[in-house]
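A short write-up of the structure that comes next.
The values are calculated or read from the model by the stated rules, or taken from the named source; none is laboratory data. Since the structure is predicted, the reported quantities are computational estimates derived from the model, not experimental observations. With ideal geometry, Cβ positions are generated from the backbone for all residues, glycine too; neighbour counts draw on all protein chains shown. Keep in mind that these areas ignore ligands, DNA and RNA; they rest on the heavy atoms of the full protein, side chains included. Shrake-Rupley method; radii C 1.70, N 1.55, O 1.52, S 1.80 Å.
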Amino acid sequence: MQINGAHVLVTGANRGLGRQFVLSLLDRGAAKVYATARRPDLVDVPGAVPLRLDVTDRASIADAAAAAPDVTILINNAGISTGANLVGGDRDLIRREMDTHFFGTLDVIRAFAPQLAGGAIVNVLSAISWLAFDGAGAYHAAKAAEWALTNSVRLELAAQRTLVTGVHLGAADTDMMAWYEGDKAAPEVIVAAALDGVEEHRSEVLADDWSRQVKAWLAEAPEVIYREAAAALAG
C-alpha cells in the first residue's frame, strides 16, 4: 500500500490529528485528499478537497461516499471527548460518544467498503481503548468498542484484500488535549507512525511510548494494570 498517488478521505480533518493527516498525506504525494468536516469551510489546507461529512448523519455519509467514489484509503479520525462517566454521567453524552466513535466509524466504513477492495482503512483509536480513567468512562467504552469494531471489520474485509489498521496513541498535542498538562506527542509524529504503518501493511500501530506501555500491561490483572498506570502517571 503506497500513499504516493493514493486518493484518501480523512474524517474530522479541520483540526488536530485530522488536519495533520491531510498535511502529511499531501507531503507524501497523495494524488487527492478529501478533507471532511461538519463545516468544510473550516478546512484550511491548500491542495485538499473540502467535503462535508458528519459521521453521526447517515445521509451525510451517503452523500460523501457518492461525491468521493475514487477513495482508496479511508482514515477514520473524527472523534469527541465529552468527559462523561458511565454511572453518574449524562446518558445523552454517553450515547453521543458511542454514536461518534462506534456507530459513526461503522457507518462510514459500510458506505466506503465496496470501493476499498485492495485499499486501506485506518481507524484512529487510543490507549484508552484498553485503560479506563475517571472522567473518561464514555470515551473509554466507545474507543474499546471501536477497537473491537476494527478487529471484526478486518476479518470481514480480508477477502477483498482491504488493509485495516488500528492506530493507538496516548496524549497528542491537539485542541482536544489542551487541558492535559502531561507529556504530549507532536501530531506529526503520530501521523507519521500511522502512515508508515499503512505503507508497511501493518494491522496495528502503537504510535508512542504510552500506547506501547499500556499494551504491554494487558497480560496483567486489572489491579496491577491500574496500580502501574497510576505510578507511571505520578512519576
- Note on the structure: A correct Kirkwood calculation over the Cα atoms of region 1-115 returns a hydrodynamic radius in Å of 14.5
- Item | Principal axis dimensions, region 107-156 - Cα atoms, whole angstrom, descending | 40, 16, 14
- Give, to the nearest whole percent, the P(r) tail of region 49-110 beyond 16 angstrom, counting all Cα pairs. 49
- Message: I'd like the Karplus ³J(HN,Hα) series for region 147-162: coefficients 6.51, -1.76, 1.60, θ = phi - 60°, whole numbers in Hz, and an x wherever there's a Gly or Pro.
- Response: 4, 4, 4, 4, 5, 5, 4, 4, 5, 5, 9, 4, 5, 9, 6, 8
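Given a 1.4 angstrom probe, what's the average accessible area per residue across the chain, in square angstrom?
Values: 11020 Å² over 235 residues.
Accessible area per residue, the chain: 47 Å².
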- Task: Starting from the Cα of Ala59, step 7 Å along the direction of its Cβ; do the same at Asn151; then give the gap between the two resulting points in nm.
- Result: 3.7
- Item | Computed lengthening from Ala230 to Asp92, 0.36 nm per intervening residue step minus Cα-Cα distance | 46.7 nm
- region 130-169-region 28-69 distance, computed between alpha-carbon centres (Å): 22
- Message: Give me the three principal axis extents of the chain from the C-alpha atoms, as integers in angstrom, largest value leading.
- Response: 48, 37, 35
- Please work out the FRET efficiency for the pair Ala219 and Arg110, using the Cβ-Cβ distance as r and a Förster radius of 30 Å; give the result to the nearest 0.05. 0.35
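In what sequence, highest mean first, do 222-229, 12-19 appear when ranked by Cβ atoms within 10 angstrom? Each step should come with its number before you reach the end.
Numbers: 222-229: 13.4, 12-19: 23.9.
Taking the mean over residues of other Cβ atoms within 10 Å, the ranking is 12-19, 222-229.
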- Histogram of C-alpha separations across region 76-172, 5 Å bin width, %: 3, 14, 25, 23, 16, 10, 6, 3, 1
